[in-house]
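Taken together, the values in this text are just the output of simple stated rules run on the coordinates, not laboratory data. Remember, predicted model here, so these are calculated numbers, not experimental data. Here the Cβ is made from the backbone with ideal geometry for all residues, glycine too, and neighbour counts use every protein chain on show.
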Amino acid sequence: MTELEQVSDLYRRLPPDARREALDFMLFLQQRYDDRVPSRPAADPSAILRRVGFIGSLDAEPDLSENYKTELTKALGRKYGDR
C-alpha cells in the first residue's frame, strides 16, 4: 500500500470533525513548506546563453553542412582572433 493509499484509508476512517482537523493540518503543512521553497525569477535568456558558453552565430555558405569545420574556424578567427 502506498503512502497516498494509507493516508486516504486513514482519512476515510476518521469521523467528520477529525477529517476537518486533518485537512486543516495538511493545509498548514503545505503553507509551511511552500514558504521554504524559494520562487525562481524568470530566466534571462541572455544570461542563460552566457552561462552555457554560447559563442554566437555566423554567416556561411549554403553548403555549410559539408564544410562546417572550415567555416566555423574562419568565423571564430574573425570573432576572437588567434588564441
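How would you rank M1, M26, going from fewest to most other Cβ atoms within 10 Å of each one's own Cβ?
M1, M26
Given labels modelled 7 Å from the Cα in the Cβ direction, how far is it in nm from Q30 to L49?
Roughly 4.0 nm, to one decimal.
Calculate the dipole size of the chain relative to its Cα centre from +1 charges on Lys and Arg beta carbons and -1 charges on Asp and Glu beta carbons; express the result in debye to the nearest 20.
Dipole of the chain, to the nearest 20 debye: 340 debye.
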